[in-house]
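The values are calculated or read from the model by the stated rules, or taken from the named source; none is laboratory data. What you see is a predicted model, and the numbers here were worked out from it, not measured in a lab. In this analysis, Cβ positions are derived from the backbone assuming ideal geometry, glycine residues included, and neighbour counts consider all displayed protein chains. Note: accessible area is taken over every heavy atom of the protein model, side chains too, but ligands, DNA and RNA are not part of it. Shrake-Rupley method; radii C 1.70, N 1.55, O 1.52, S 1.80 Å.
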Amino acid sequence: VLEMDVLKAQKRDMSEKAKRLRREGYITGNVCGKEIEGSIPVKMEKKAVNHILSNNNKGSQIMLDVDGESHNVLIKEIHFNALDNVVEEIEFQALMKNQKVQSVAEVVIENRDKIDGGVVQEQLEEIEYRALPEHLVEKIVLDVGDMKVGDVVRVKDLDIAKNEAIDILTDPEAQVLAVTAAKREASDDEETEDGAAE
């Protein structure tokens, strides 16, 4: 069993205003799940949250300790304050052993600078899927070092799509990335022509 990061949280009394809690150094959150009536509003210390998010992301599984009670949860959404890009609220989904959950896996591209004369055009940054908690995937690493101009990777080409334990929700035919020729001048001309045509 993987060692999961533990985040401590406290149940939040809804009379406590989120704004005030944020000023006091807390981040608010919600835990929802099949066995939870409505949802559990929680508050977490900002320091603890930042520590967890340094190596966990949307789509990660962590242990959420709410007033001493442990919940295996998925980080469903992280809401940032648009102005200063600070985390304001996190939505968690409580995981049940035999219940599939919907999540996303982040596409990570490696060795993009090794492509000879080509540029990677990334079309999809994340893949949506459903799976049981033990089959959740956080990242899909794509090594594009050996790819050539004209090569295309579609969702159905990814390992995650070949995994029978995972139901892909993103269109299997959708392009994840394509390698195009690195011709700066030409693309600029094309853009101006496109602009004129419209």
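If I model a spin label at M96 and D157 as a point 7 Å from the Cα along the Cα→Cβ vector, what separation in nanometres do I get?
With each label point 7 Å from Cα toward Cβ, the separation is 3.9 nm.
At 7 Å along Cα-to-Cβ for each site, give me the label-to-label distance between K8 and V149 in nm.
Spacing of the two 7 Å Cα→Cβ label points: 5.8 nm.
What whole number of Å gives the distance from the Cα centroid of the range 16-93 to the Cα centroid of the range 149-179?
Their Cα centres are 31 Å away from one another.
Return the long-range amide H neighbours of V101 (sequence gap of 5 or more, or a different chain), with a cut-off of under 5 Å between placed amide H atoms.
For V101, whose amide H was placed from the backbone, the distant partners under 5 Å are A131, L132.
Going through the range 24-57, which trypsin sites (Lys or Arg not before Pro) have at most 14 other Cβ atoms within 10 Å and a DSSP loop state? Write down the numbers at each step before the final one.
Values: sites: K34, K43, K46, K47; in loops: K34.
For trypsin sites (Lys or Arg not before Pro) across the range 24-57 that sit outside H, G, I, E and B with at most 14 neighbouring Cβ atoms in 10 Å, the list reads K34.
Take the chain, connect every pair of alpha-carbon atoms lying under 10 Å apart with a spring to form a Gaussian network, then pick out the residue of L169, L74, L83 with the largest mean-square fluctuation.
L83
Counting heavy atoms of the protein chains only and a 1.4 Å probe, report the per residue accessible area for the chain as a whole number of Å².
On the way: 12430 Å² over 198 residues.
Heavy-atom SASA per residue in the chain reads 63 Å².
With the full set of protein chains in place, find how many percent of the accessible area of the chain is carbon and sulfur; take the probe as 1.4 Å.
Carbon-and-sulfur percentage of accessible area, whole number: 45.
If amide H atoms are built 1.01 Å from N in the plane of the peptide, which residues on other chains or at least 5 residues away come under 5 Å of the amide H of E89?
Those lying under 5 Å, H to H, from E89 are H79.
Provide the gained length on full extension for the span E134 to E77, in nm with one decimal, where the gain is 0.36 nm per separating residue minus the Cα-Cα distance.
Full-extension gain reported as 18.6 nm.
Give the angle, between 0 and 90 degrees and rounded to the nearest 10, that separates the Cα long axis of helix 184-197 from the longest principal axis of the Cα atoms of the chain.
Compared with the principal axis, the helix lies near 90 degrees.
To the nearest 500 deg cm²/dmol, what mean residue ellipticity at 222 nm is calculated for the chain from DSSP H runs of n ≥ 4 alone, each contributing -39,500 (n - 2.57), summed and divided by the residues? The partial results should precede the final answer.
On the way: 4 runs with 32 residues, N = 198.
Calculated mean residue ellipticity at 222 nm is -4500 deg cm²/dmol.
Need one number: nm distance between label points at S54 and V119, each 7 Å from Cα along Cα→Cβ, rounded to one decimal.
Result for the modelled spin labels: 3.6 nm.
Would you work out the relative contact order for the chain, in percent, from Cα pairs under 8 angstrom that are 6 or more residues apart?
Rounded, it is 16 percent for the chain.
Compute the semi-axes of the equivalent ellipsoid of the chain, taking the square root of 5 times each eigenvalue of the Cα gyration tensor, and list them largest first in whole Å.
Here the semi-axes work out to 39, 22, 15 Å.
May I ask you to list the residues of the range 66-105 whose amide nitrogen lies under 17 Å from a point 7 Å from Cα along the Cα→beta-carbon direction of K34?
From the range 66-105, the list is 71-74, 93-103.
Hey, in the GNM for the chain with a 10 angstrom Cα cutoff, which one of I52, I75, I36 fluctuates hardest?
Sorting by GNM fluctuation, first place goes to I36.
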